[in-house]
1. Hey, could you check the range D:51-61 for residues that are within 30 Å of D:Val33 (Cβ to Cβ) and either among the acidic types (Asp, Glu) or facing chain B (nearest Cβ under 10 Å) (or both) and say which is surrounded by the fewest Cβ atoms within 10 Å (Cβ to Cβ)?
2. If I ask for residues that are of a type in the set (S, T, N, Q) and in contact (Cβ under 8 Å) with a residue 60 or more places away in the chain, which ones from the range D:151-165 would you list?
3. If B:Asp47 meets every condition in (1) acidic (Asp, Glu); (2) within 11 Å of chain D (Cβ to nearest Cβ); (3) surrounded by fewer than 21 Cβ atoms within 10 Å (Cβ to Cβ) apart from one, which number is that one?
4. Go through the range C:127-141 residue by residue and tally those that are within 13 Å of the chain's Cα centre (by Cα) and either outside any loop (DSSP other than H, G, I, E, B) or closer than 19 Å to C:Glu75 by Cβ (or both).
5. Return yes or no: is D:Gly324 surrounded by fewer than 17 Cβ atoms within 10 Å (Cβ to Cβ) and more than 21 Å from the chain's Cα centre (by Cα)?
6. Out of all the residues in the range D:243-275, which are among the polar types (S, T, N, Q) and either surrounded by 18 or more Cβ atoms within 10 Å (Cβ to Cβ) or within 19 Å of D:Asn112 (Cα to Cα) (or both)?
7. What pairs come out if I take residues in the range C:97-113 that are away from chain D (no Cβ under 14 Å) and pair them with residues that are part of a helix (DSSP H, G or I) and at pLDDT 80 or above whose C-beta lies under 7 Å away, six or more apart or interchain?
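The values are calculated or read from the model by the stated rules, or taken from the named source; none is laboratory data. Quantities reported herein were computed from a predicted structural model and do not represent experimental measurements. Note: ideal-geometry Cβ built from the backbone for every residue, glycine included; neighbour counts use all protein chains shown.
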Amino acid sequence: MTLLYSLSGLSYHIQSWLTRLLGNTMAVLVSEMVIVGLCLIGFLVLLSFTLGYMERRVAAFMQLRLGPNRVGPKGTLQIIADTIKLLFKEGLTPTNADKFMFNLAPYIMIITTMLVTAPLAFARNFQIWDLNIGVFYVSAVSSISVIGILMAGWSSNNKYSLLGAMRSGAQIVSYELSIGLSLISIVILTGSLRISDIVMSQQNGWWIFKGHLPALIAFVIFIVASTAEINRAPFDLAEAEQELTAGFHTEYAGMKFAMFLLSEYVNLFIVSALAATLFLGGWMPFHIGSWSGFNHVMDFIPSSLWFMGKTFFVIFIIMWFRWTFPRLRVDQLLNLEWKYLLPISMLNVLLMTLVALLGWHG
Amino acid sequence: MSREELKQRLSEICPSVTFDETGEFLMAFFTPDVFLTQMKELRCATDLNFDYLFCMTAIDWKDNFTAVYHLSSTPFRHALVVKVKLTDKENPVLDSVAGIWKGANFLEREVYDLMGIRFNGHPDLRRLILEDDWIGHPLRKDYADENMIEL
Amino acid sequence: MFITEYFKTIFRSVKSLLTGMRLTGYYFTHPSKTLTQEYPDNRKELKLADRFRGEVVMPHTEANEHRCTGCQACELACPNGTIKIITKQEILPDGKKKKRLDTMIYNLSMCTFCNLCIVACPSDAITMSQDFEHSVLDRSKLRKILNKPDSKLMEGVE
Amino acid sequence: MLIEEDYITEEGDFVVNIGPQHPATHGVLHLKVWLDGETIKHIEPHIGYIHRSIEKMSESLSYRQFIYVTSRMDYLSAHINNQACALTVEKAMQIEVPQRAKVIRVLMAELNRLTSHMLWWGCTGLDLGAVSPFFFAFREREIINELMEDTCGARLTMNYMVPGGVMADLHPDFQRKVKEVIAQFKVNIHEYDQLLSDNVIFQERVKGVGYLSKEDAISFGCSGPTARGSGISCDIRKLYPYDGYENLKFDEIIEQGGDCWARYKVRIAEMHQSMSIIDQLIDNIPEGDFQAKTKAVLKLPKGEFYQRVETARGELGVFIVSEGGTTPYRIKYRSPNFSNLSALPTMAKGCKIGDLVAIMSTIDLVIPDVDR
């Protein structure tokens, strides 16, 4: 069933049109890459605008406030105004900073986050690169972002930045483990690292329902650990405003700061999309057993909406964390990982293996 | 300890002490030379136990500086005001009590900063509130500054 | 036992975290509990307390009369030299010379709104107004002359 | 763990300047912090960035005028500061304050203490990284501030106390509004517990952090909730009652822990005590004058006068030396935060940077009060 508004159909049409127009395989490939790149950048910028607006409104409603409501209808253009402000600000570089490293760091951050978006399945048959080690690729590439943070912290020649970067290094390296283990527990069930396979395996039920208790535990651990991985409150020790003023990006201003901000929001989207893909069925609609009528209605909702809806649900939960909890201290942060999350997720992987071996995941 | 008992006890510690009973608290005038040992006695004697230095300041009189120590005792709840007159207006010096009450560290630095009384034996006698290169001590009555405005 | 204690800790912690999230979630789903006052929009409805100390004003009647005798009590009472009163000699119809108010200069930039001048005034010539929007583009505009031009002392006020 | 020798500072140490502009110092406090990794070896507070020489200024102000300046010291408990000054003048001149004025003063002081503790609670959450408590704290605080505006004419620096009573009578709506806000706060204070006190992350952050022993607290001259968290009985309202506190039923809150959690609990319990005091008084405001008859120009007799009150942060002492004239010869304000701040290096030794923020917020520093 190909619906008119399905994204896969659209991409197929564009490809066949390009092939007719150019003929040459190489030319088609290059022009497709350019189109995809531009669309992706546009999408991510639009996404971070949305998330920025959403974060402000969510925060405001949780804090008995209204949030931005002056610029544009319901304050939607506020974030654009802020972006314009950041664009026109002078991109200061401190005198004693390592200039090359200092200017390189935001690009590393943004490039790694953009790379991670490649294997995400945005809709049915709509993926930039469906490589066979998708999950592994995501966890491998996303760890590069810590290099950007360390680089920013070290090259700024600022003690706050250095402390923030060191904290962030310790934090990301440790929480990578729990993320990896909770990803593995789903991979055990699917038997494939390919994202499209993982989504397809959830056709008759999402893993969070089919995987019994271990999948639920893995989901919770994934959410907690990925909140830490992307340096968001309550794990935002790397920026920790009240302690380190702004942590690793204390010295950044203007567009370079905006890049850190952009990569933060894109990271938020990526981990939520991953959680939605692995546990909540990606673009798969919500089906209940043999209720065929209900299932048909659900099928009529386009797959991209399903994916976005699930992703934004997870994003909302992570925002909810941020606006409720106080921040952990650096040693408590590591305690939480090494004493609680890691042992539990190890045990959980064992349980999951048992579930897979016994074939309970149907 | 009642006021009479306090007076008697203080006379034992310091025979040269004089009293002034006009105020709310009993005021005892000590002399600067043996001041430190007497203050130690006030703090350490088990029946006096003045462990709480709640206010310390200095007054710039015409002919002297008077350091004022408000002491009280948390177990016994009696209070005492110790005063020391420093007749040297040019270069007033007094022994530091920062070793007896830890809070005196900051209080003495403040008094040094604003009144210009030097405290012997203070661990870290620097200006506390004003900049290190400030000239003069503002709370002195003869302090003048070109920025002062007369209302 | 260690293991039970371990899991109890986890349970308790998660429960306490969920309690907090329930509270913020409750307010998220009840936008009517928002407390924000949208200030420049609600300027019309905005009603300040009648004792609010905005700035010192001198009420004038329709006949351009005020109650200030120029006694300088407010000038003396003011702790920061905000008020300056300049007096003039006026010759009354019966030939007596009388001290009268010439200008009352009020420097808003120095005022701390302590209300001491109002309390000190023996003839209730000055009051505090409820106007609180004081920002101006030039500092010199904060220096105000309170008595209107050609205003007179009200009859019967001494 | 660091051993005692590690605390010795030397050349080449990692020194971080926290402040004078920093989100967590509640003003312009400058802390020079020697670090070993994240662990604090030594702290040196540098103060004076907003020293306005209130003591010197007061020497040239009359006894009616000098009261308003003290609102600018501890601006969160401005009423109580003003009350201390008024009480000193009354004590020196032996002015008999009418009963109604006393009750109004206590009411205002307790409302002021409530607002101060509310703001403290919000700031504690904010300092520890939870932003939402700040806005929850402002909900009732805003209503009380409006109530102050009704009666006193200003929200923060009220200048409502005058020697001999209060400046104006209560607003006709005052009683009703106070009852409403107290009833509302009694319900909403449970949200404070849900949001912060019971939160496991918050408890982990404050329990066992910033320990101040009883001996140290006394020796440093700490007062208020900071000292009461270390087990010292130092509530001036109980020990040296003023303005009719002796007739009221309330408990002095003392916790033995000495850590941030103990100080936190003291403040939360004090909010309940303040509410109970307000409950006792709000229906029993006696009729009568709100101000005693005083001369236009006040002249204090020659002598030295000391009056202490319990502000939201501790013991505020006003020490006036009078030569018999219309202005004080010397004024010394014994401010609670000054002594409490001097204990900060001891409390924070061996803690992490994150703990330093927690300690500063539970001492409830107000920097203008330190600098004066």
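1. D:Ser53
2. Hits for the range D:151-165 are D:Thr157, D:Asn159.
3. (2)
4. Residues in the range C:127-141 being within 13 Å of the chain's Cα centre (by Cα) and either outside any loop (DSSP other than H, G, I, E, B) or closer than 19 Å to C:Glu75 by Cβ (or both): 3 in total.
5. yes
6. Those that are among the polar types (S, T, N, Q) and either surrounded by 18 or more Cβ atoms within 10 Å (Cβ to Cβ) or within 19 Å of D:Asn112 (Cα to Cα) (or both): D:Gln273, D:Ser274.
7. Filtered contacts from the range C:97-113: C:Asn107/C:Leu142; C:Leu108/C:Leu142; C:Ser109/C:Arg139; C:Ser109/C:Leu142.
A quick yes/no check of all residues on (1) touching a Leu at 6+ places or on another chain (Cβ under 8 Å); (2) facing another protein chain (nearest Cβ under 10 Å); (3) assigned to a loop (DSSP other than H, G, I, E, B):
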| site | (1), (2), (3) |
| --- | --- |
| D:Ile40 | yes, no, no |
| D:Tyr49 | yes, yes, yes |
| D:Tyr63 | yes, no, yes |
| D:Val69 | yes, yes, no |
| D:Leu76 | yes, no, no |
